[in-house]
1. Highest mean first, what order results for 34-41, 111-118 on Cβ atoms within 10 Å?
2. I'd like the Karplus ³J(HN,Hα) series for region 100-105: coefficients 6.51, -1.76, 1.60, θ = phi - 60°, whole numbers in Hz, and an x wherever there's a Gly or Pro.
3. Amide H to amide H, which residues 5 or more places from CYS22 or on other chains are under 5 Å from it, using H placed in the peptide plane?
4. How much length would be gained if the chain were fully extended between ILE96 and TRP40, taking 0.36 nm per residue of separation minus their Cα-Cα distance, in nm to one decimal?
5. Quote the FRET efficiency, to the nearest 0.05, computed for ILE85 versus ALA109 with a Förster distance R0 of 41 Å and r equal to the Cβ-Cβ distance.
Amino acid sequence: MRLDLSNLSYAKPDHYIKWNGCNDVELDKDAIETIYQKRWKVEVFHKNIKSNTASEKSPAKTIKTPSNPIFMSLLATVKLEYLNIKKGLTTFALKIKLYIKAQKTTIEALHLEQVLTAQHQ
């Protein structure tokens with residue numbers, strides 16, 4: 001098995017080096033980049049699953065114990081991916097928008113509660 005280093009690239013304007021290694025010496029630069037673009041989508045999806053399920057933090061000791069929470073987390077991840085495609089935002093950008101909306105709703109509810117409490121006094 002040989003590693004073909006001829007497809008490595010350097011992008012001077014952005015000052016970064018892009019290393020796309022491949023052990024198939026028959027592939028050209030464009031084919032390797034296409035493979036990496038497809039692979040990167042899978043990497044992002046796996047990162048989303050890991051982040052959204054938080055399975056590494058689970059205190060469960062058996063396989064059956066965490067299955068329901070993990071299933072629900074995976075379902076939520078799939079729904080976030082659907083929204084990602086529909087809205088054109090990353091999963092993390094969608095989560096931030098949800099957090100901001102929840103905070104605004106909470107602040108509005110607290111303000112309304114303060115107004116109503118003040119009116120009854």
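1. 34-41, 111-118
2. Each residue of region 100-105 in turn: 5, 4, 5, 5, 4, 4 Hz.
3. Correct list: ASP4.
4. Extra length from ILE96 to TRP40 when fully extended: 18.0 nm.
5. Numbers: r = 32 Å, r/R0 = 0.77.
In this case the efficiency is close to 0.85.
No lab work stands behind these numbers, since they all come straight from the coordinates. Computed from a predicted model, the values in this text were never measured in an experiment. Reconstructed Cβ throughout: ideal geometry from the backbone, glycine too, with neighbour counts over all protein chains shown.
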